[in-house]
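Quick notes on the structure that follows.
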Amino acid sequence: MTLTRGDKLVYTYVKSRATMGERATIDEVARATGVARSSVARVAKRFGYAGWTDFTTQLVRYHRPV
């Protein structure tokens with residue numbers, strides 16, 4: 001799988017929020033990264049998740065502080 005610059009920006013932003021125990025919204029990520037909302041929504045599928053909720057929930061579970 002080849003990741004686009006937008007994919008990497010979205011993942012990095014969502015991961016940074018996840019490390020704080022927070023789930024990022026599609027709108028928030030789009031505003032913060034400059035990636036189109038529709039592209040942000042597709043990133044979760046590209047990474048193999050069922051959808052946005054699954055993507056953000058799993059990242060919070062994995063990266064949240066203990």
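The values are calculated or read from the model by the stated rules, or taken from the named source; none is laboratory data. Note that the structure is predicted; figures quoted are calculated from it, not measured. Cβ: placed from backbone, ideal geometry, glycine included. Neighbour counts: every protein chain shown. For the accessible areas, the whole protein counts, side chains as well, though only heavy atoms, and no ligand, DNA or RNA atoms are used. Shrake-Rupley method; radii C 1.70, N 1.55, O 1.52, S 1.80 Å.
Placing +1 on the Cβ of every Lys and Arg and -1 on the Cβ of every Asp and Glu, with nothing else charged, gives the chain a dipole about its Cα centre of roughly 120 debye. Calculated on C-alpha atoms, the gyration radius of the chain divided by its Kirkwood radius gives an Rg/Rh of 0.94.
Extending 7 Å from the Cα toward the beta-carbon at both LYS15 and THR2 defines two label points whose distance is 2.1 nm.
Couplings 3J(HN,Hα) of the range 40-48, computed from phi: 4, 4, 6, 4, 4, 5, 4, 7, x Hz, in residue order, whole Hz [Karplus 6.51 cos²θ - 1.76 cosθ + 1.60, θ = phi - 60°; x for Gly and Pro]. Taking the protein heavy atoms of the chain in the context of the full set of protein chains, the accessible area attributed to carbon and sulfur is 52 percent at 1.4 Å.
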